[in-house]
Amino acid sequence: ARELTLAEIRRIAEMSGIEVEVFAHGALCYSYSGLCLYSSHMRGRSGNRGRCAYPCRDRFTVADEAWHPVGQSRFSFSMKDMAMTDHIGDLRRAGVAAFKIEGRKKSPLYVAAATTLYRGLIDNTLDELQRGELEADLRSVFSRPWTSLFMTSRKARAVTDPDMVGHRGARIGAAGEVASTSGGDRLRFMTERRIERHDGMQIDLPDAGRPYGFAVDELWLVDPGRAAAPVARVYEAPAGATVEVRLPPDHPRIPAGSAVYCSSSQEVKQKYDIRRPRADDARVRLPVSFTIELEPRICRIAASAEGVWPGAEPVAVTRVFEGEFAPASNPAMRLEETCREAFGK
């Protein structure tokens with residue numbers, strides 16, 4: 001169970017004599033695994049039956065001033081995401097045989113980024129730079145803040161994110177000034193990661209509950225040593241560059257110093273070879289023989305089909321269809337010809 005400490009996992013692996021699987025990455029529940037009745041009681045959808053309505057992601061009014069000021073609205077039960085990136089080696093040495101990564105409702109790109117990161121951690125083939133890049137890739141596809149929960153201590157406290165819910169992205173800087181121009185407002189900041197047009201960005205805003213997101217449709221490279229206008233409109237900007245991005249016309253006030261995230265990266269999308277399979281690639285054509293018995297006087301058709309496929313028992317099916325039948329689209333076509341054409345397909 002994901003609530004266990006490293007010492008407990010090690011003891012289970014030693015004493016059970018079976019292969020142990022540990023949850024390594026993905027969303028957490030505030031309740032104990034398999035024992036949450038909150039969604040069932042509150043909204044009639046049981047999390048124990050795979051139908052959780054996620055009430056833990058809602059706002060709640062605080063009543064205990066030991067946690068926050070009384071009356072303040074917070075996401076008090078909204079858990080951070082589990083990320084065992086710092087503990088893969090310890091878990092393997094503890095006897096863990098398999099690591100589980102949450103993939104439900106996630107995209108193929110998320111699966112590619114997550115498995116690439118954890119495969120490298122399991123095989124111990126990543127240096128610090130490579131690990132940081134892969135972690136940022138995964139965060140840009142989907143990420144809440146990360147936690148290792150109780151892996152090192154039962155007293156871990158910073159396991160919820162009471163200020164924001166939803167996808168943040170990979171942090172790439174802090175908001176600077178917002179400048180008004182004839183073409184609209186622009187946000188200036190120094191990017192810690194390569195960015196390009198059509199990337200997605202999100203910004204933390206106080207008391208908003210969710211980051212403010214928008215697409216980068218215009219990007220300028222800025223010379224921070226010059227007080228004049230941006231140097232040039234560009235398609236991409238390297239890490240360490242000072243940039244300006246156009247803000248949507250209806251953007252909220254963005255306080256200086258607000259965290260800026262890359263929430264969707266064109267570079268990451270191009271890095272992983274994501275090919276969606278076509279249905280035709282999986283289609284197999286196998287021979288089937290049909291026998292059709294027509295009884296026009298009583299408007300009855302009996303259709304029998306038989307197939308014999310490699311490695312399987314013969315399959316035979318019969319269905320009987322009673323009329324009246326709609327007239328053929330071609331009045332000259334007899335019922336026999338109509339059946340031949342239909343079942344011949």
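Some points to look at:
- Members of region 28-66 found to be of a type in the set (A, V, I, L, M, F, W, C) and either surrounded by fewer than 16 Cβ atoms within 10 Å (Cβ to Cβ) or not in a loop (DSSP other than H, G, I, E, B) (or both), listed by number: Leu35, Leu37, Met42, Cys56, Phe60, Ala63, Ala66
- Hits in region 20-46 (condition: closer than 14 Å to Arg2 by Cβ and without any contact (Cβ under 8 Å) to a residue 40 or more places away in the chain): Ser31, Tyr32, Ser33, Gly34, Leu35, Cys36
- For region 142-198, the candidate set comprises residues that are at positive phi and not in a loop (DSSP other than H, G, I, E, B); within that set, the residue that is least open to solvent (accessible area, probe 1.4 Å) is Gly173.
- Criterion (open to solvent by less than 60 Å² (accessible area, probe 1.4 Å) and within 30 Å of Phe214 (Cβ to Cβ)) met by exactly one of Arg131, Arg139: Arg131
- Residue that is farthest from the chain's Cα centre (by Cα), among those in region 152-175 that are hydrophobic (A, V, I, L, M, F, W, C), modelled with pLDDT under 95 and farther than 16 Å from Arg210 by Cα: Ala156
- Any hit, region 253-271, residues being modelled with pLDDT of 85 or more, open to solvent by 80 Å² or more (accessible area, probe 1.4 Å) and either touching a Ser or Thr at 6+ places or on another chain (Cβ under 8 Å) or of a type in the set (Gly, Ala, Ser) (or both): yes
- Unique residue being open to solvent by 50 Å² or more (accessible area, probe 1.4 Å), touching a residue at least 24 places away in the same chain (Cβ under 8 Å), on the phi < 0 side of the Ramachandran plot and among the aromatic types (Phe, Trp, Tyr) when the list is Phe77, Phe99: Phe77
- Among the residues of region 1-11, the one identified as surrounded by fewer than 17 Cβ atoms within 10 Å (Cβ to Cβ) and touching a strand residue (DSSP E or B) at 6+ places or on another chain (Cβ under 9 Å) is Ala1.
- Among the residues making up region 296-320, those that are open to solvent by 70 Å² or more (accessible area, probe 1.4 Å) and not aliphatic (A, V, I, L, M) are Pro296, Arg297, Glu306, Trp309, Pro310, Gly311, Glu313, Pro314, Thr318, Arg319.
The values are calculated or read from the model by the stated rules, or taken from the named source; none is laboratory data. As the structure is a computational prediction, the values presented were derived from the model and not from experiment. Quick reminder, even Gly has a Cβ in these numbers, built from the backbone with ideal geometry, and neighbours come from all protein chains shown. Just the protein is used for accessible areas: all its heavy atoms, side chains included, with ligands, DNA and RNA removed. Shrake-Rupley method; radii C 1.70, N 1.55, O 1.52, S 1.80 Å.
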